[in-house]
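Read through the structure below, which is laid out as structure tokens, and then see the notes.
Values in this text are rule-based calculations from the coordinates and carry no lab data. This one's a predicted model, so the numbers in the text were calculated from it and none came from an experiment. We place every Cβ from the backbone using ideal geometry, glycine too, and count neighbours over all the protein chains shown.
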Amino acid sequence: MSETYVTKTAAFDVRFPNANQTKNCWQNYVDYHRCHKIKGESYEPCEYFKRVYRSMCPNEWIGKWDEQIESGTFAGKI
Amino acid sequence: MSTTAHAFSTERRLWGLTQKSLAKHYSIAPMLFLGFGGLFCGLAYLARIAVKHPEISWMHDANMFPWMKVPCNYQYKINSGSLNYPVMVWPADRPRI
């Protein structure tokens, strides 16, 4: 049987109404890690932020920020 | 007031901007209206951005993340197109942190 895929992208965010979505990407990335820090490592709904930043952010940035988090040099406050 | 015709006299600098000099040539009034109107519109646009944009903070140390204080249905743009702002809520699966 064929599976049906539900495809959707990040919802409209009123905090970032213009074409420049850089802060949207950054904020969701930071919120994902803050969510895990606040709610615990295995809290499933945190994946919402992960889906948003995976849609929004260029993959180079995600890779760079992941490395920075591992090495402890990430600039955002988590 | 001096009535000499040297290049930087007050009369020449304000030509077209005083009622007396404009009265002789009313046909430049639309140009002045559009020119100053456009200048005003540009400055008003900049002022609007400075005051209403969600990413702008006037006091950086006190307000580092101004976009976090914005409600869920905040309308920044004047023309909202097909978006219905009053009924906007956060998506149901977004955790509240």
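A few notes on this one:
- Placing a pseudo-label 7 Å from each Cα along the Cα-to-Cβ vector at B:L83 and A:E44 gives an inter-label distance of 3.1 nm.
- The protein assembly as shown: radius of gyration over Cα atoms, expressed as a fraction of 2.2 N^0.38 Å: 1.69
- Relative to the Cα centre, the charge distribution of chain B, modelled as +1 at Lys and Arg Cβ and -1 at Asp and Glu Cβ, gives a dipole magnitude of about 220 debye.
- Label point distance in nm, A:N20-A:E3, each placed 7 Å from Cα along Cα→Cβ: 4.0 nm
- For B:F8, A:F12, the sequence from fewest to most other C-beta atoms within 10 Å is B:F8, A:F12.
- Charge dipole of the range A:1-60 about the Cα centre (unit charges at C-beta), most positive-ward option of A:Y53, A:N20, A:T7: A:N20
- Using a Förster distance of 35 Å, the FRET efficiency for B:K24-B:M64 (Cβ separation, nearest 0.05): 0.05
- Sequence-separation-based contact order of the range A:3-78, relative, with Cα cut under 8 Å and 6+ spacing, percent: 35 percent
- Per-q log10 I(q)/I(0), the range B:1-95, q = 0.15, 0.17, 0.18 Å⁻¹ (Debye; single scatterer per alpha-carbon; no solvent): -0.80, -0.91, -0.97
- Pairwise Cα separations in chain A fall into 5 Å bins from 0 onward with the following percentages, short to long: 3, 14, 22, 23, 19, 10, 5, 3, 1, 0.
- Look at the stretch A:15-24: the mean tally of other chain Cβ atoms within 10 Å of its residues' Cβ atoms is 4.
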